[in-house]
Amino acid sequence: MARGERALVVLPERPGEGVMRSTRARLDEASGLAQAIGIDVVGRKAYRLRAVRPASLFGKGQVEEIGALARDAEAGLLVIDSMLTPVQQKTLEEGTKTKVIDRTGLILEIFGERAATAEGRLQVELAHLDYQAGRLVRSWTHLERQRGGFGFLGGPGETQIEADRRLIRDRMAKIRRELEQVKRTRGLHRDRRRRAPWPVVALVGYTNAGKSTLFNRMTNANVVAEDLLFATLDPTMREVRVPGFDKAILSDTVGFVSDLPTQLVAAFRATLEEVASADLIVHVRDIAHPDSEAQAADVASVLGSLGLDEEGSPPRLEAWNKLDLLASEARQAVLNEASRSEDVVTLSALNGEGVETLRSEIGRRLQEGAAIHRLKLSAGDGPRLAWLHARGDVLDQRVEGEAMHLAVKLSRENWARFQAL
Ligand SMILES: Nc1nc2c(ncn2[C@@H]2O[C@H](COP(=O)(O)OP(=O)(O)OP(=O)(O)O)[C@@H](O)[C@H]2O)c(=O)[nH]1
Ligand SMILES: [Mg+2]
């Protein structure tokens with residue numbers, strides 16, 4: 001798929017859909033996804049489906065209309081904001097005489113372009129190959145591009161497809177082996193980090209919610225923050241100042257999106273391990289977005305599907321971001337709602353309002369459930385002493401002969417960690 005390719009964004013609205021999300025916001029998001037890989041969106045339209053057609057998704061008249069619209073707009077590509085079966089995709093391509101990419105394919109392309117770490121790249125390629133295995137009729141897929149590409153409609157012959165399938169299977173097996181290797185290395189890194197004494201706070205949220213903007217503001221870092229979906233793909237960590245701690249680590253992570261391709265869930269593993277092993281999760285929400293609720297539900301469901309449901313996962317705070325975008329009445333309503341929950345902080349990462357409140361709330365949460373522990377260390381045990389100073393609040397410290405007596409306030413998690421040191 002070429003950058004700058006002219007495309008039409010088409011949203012099929014299935015019967016019974018549209019309760020949670022507005023048509024406009026869904027079209028915006030689909031266009032945003034397309035623009036994220038440089039596609040030139042020249043038109044957009046939603047179609048209400050009376051019934052879902054297994055072969056083509058859309059009705060016959062709708063397919064004809066879409067084809068005509070694409071021709072009129074000189075669009076060489078249709079972005080269908082839905083998951084399509086391989087059969088639906090093929091039928092649509094033939095019916096409209098236009099290339100088709102579905103939501104899954106689009107997200108895979110974005111990840112393919114953005115993944116930066118070795119593991120991220122391998123995971124994305126694996127997901128891509130898996131997706132392609134069932135769709136070998138198209139010309140512009142990743143694999144074909146690598147090999148120079150064939151003509152578009154008509155596609156390769158059967159023998160070619162068989163050969164491609166075999167190629168894909170072999171490549172997938174090879175990637176799986178490489179991933180095993182990468183994972184072993186990463187396991188080592190993570191163990192090392194777990195022993196590092198700083199508490200970790202992970203920012204999660206829907207794509208474009210403002211995580212990186214908040215991350216930059218809180219850490220004075222300069223991570224790419226853009227009005228671009230999936231601007232961040234690989235987790236980034238930075239030191240952050242948090243009251244009550246010498247030091248803490250803030251982690252910026254990949255944004256979530258609704259209908260995340262299942263093939264890609266594995267690609268989130270690196271991110272999710274950061275999140276799962278964090279001391280606190282801050283869920284950043286674009287509170288000015290018309291679909292804010294639906295996005296929050298998506299984030300919760302992605303976290304849940306990865307085994308990070310409320311129970312047993314780190315404690316959470318919600319950061320309701322982009323307060324500056326709300327007009328006074330809507331703003332007051334949001335502030336009222338937020339004040340009813342202990343777990344919500346309202347802010348604007350852009351103008352800084354509320355950010356210091358979030359910082360102190362983070363500090364408070366990290367110390368929650370803390371208890372004072374009276375400990376005796378040998379006076380020469382510098383590393384454990386330093387650990388306690390970093391993670392906890394040392395209230396008293398006395399040396400008696402060879403022994404060091406301490407009174408330290410530690411969170412529940414840190415007390416467990418200390419005992420495992
Ligand atoms: N008005 C306003 N815009 C904001 C605020 N926070 C972030 N933005 C804008 O929202 C867009 C997305 O911000 P990012 O920080 O890149 O969002 P993200 O959550 O990191 O997005 P991904 O990495 O793509 O998941 C940018 O254009 C930001 O300038 C805010 O508080 N107010
Ligand atoms: Mg980001």
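The values are calculated or read from the model by the stated rules, or taken from the named source; none is laboratory data. For clarity, every value in this text was computed on a predicted model and none was experimentally measured. Here the Cβ is made from the backbone with ideal geometry for all residues, glycine too, and neighbour counts use every protein chain on show.
Odds and ends about this structure:
- Any chance Leu69 is aliphatic (A, V, I, L, M), surrounded by 15 or more Cβ atoms within 10 Å (Cβ to Cβ) and touching a residue at least 40 places away in the same chain (Cβ under 8 Å): yes
- Reported count of residues in segment 17-53, each being in contact (Cβ under 8 Å) with a residue 12 or more places away in the chain, assigned to a loop (DSSP other than H, G, I, E, B) and surrounded by fewer than 20 Cβ atoms within 10 Å (Cβ to Cβ), is 8.
- Enumeration of residues in segment 3-16 that are among the acidic types (Asp, Glu) and either touching a residue at least 60 places away in the same chain (Cβ under 8 Å) or in a loop (DSSP other than H, G, I, E, B) (or both): Glu5
- On the stretch given as segment 202-212, residues that are more than 8 Å from ligand 2 (Cβ to nearest atom) and outside any loop (DSSP other than H, G, I, E, B) total 5.
- Taking segment 226-326 and the strands (runs of 3 or more DSSP E) fully enclosed by it, the elements with 3 or more residues that are within 13 Å of the chain's Cα centre (by Cα) and either more than 28 Å from Ser339 (Cβ to Cβ) or modelled with pLDDT of 70 or more (or both) are at 280-286.
- Test result for Ile107, more than 24 Å from Arg177 (Cα to Cα), of a type in the set (A, V, I, L, M, F, W, C) and not in a helix (DSSP H, G or I): no
- The set of residues in segment 382-402 that are on the phi < 0 side of the Ramachandran plot and loosely packed, with under 13 Cβ neighbours inside 10 Å comprises Gly382, Pro383, Ala386, Leu395, Asp396, Arg398, Val399, Glu400, Glu402.
- For Ala75, the criteria (1) under 28 Å from the mean Cα position of the chain (by Cα); (2) surrounded by 14 or more Cβ atoms within 10 Å (Cβ to Cβ) hold in every case but one, which is (1).
- The single condition among (1) under 22 Å from Ile110 (Cβ atoms); (2) assigned by TED's automatic domain parsing to the domain that holds Leu308; (3) modelled with pLDDT of 75 or more that Met172 does not meet is (2).
- Conditions (1) modelled with pLDDT of 95 or more; (2) closer than 18 Å to Arg6 by Cβ; (3) hydrophobic (A, V, I, L, M, F, W, C); number of the one not met by Ala36: (1)
- Of all residues in segment 91-104, those satisfying the criterion of being over 15 Å from the mean Cα position of the chain (by Cα), of a type outside the set (Lys, Arg) and not in a strand (DSSP E or B) are Thr91, Leu92, Glu93, Glu94, Gly95, Thr96, Thr98.
- Looking at segment 343-421, the strands (runs of 3 or more DSSP E) lying wholly inside it that each contain 1 or more residues that are over 26 Å from Phe215 (Cβ atoms) sit at 371-378, 393-400, 403-410.
- Scanning segment 160-173 for residues that are of a type in the set (Lys, Arg) and either surrounded by fewer than 13 Cβ atoms within 10 Å (Cβ to Cβ) or within 24 Å of the chain's Cα centre (by Cα) (or both) returns Arg166, Arg169.
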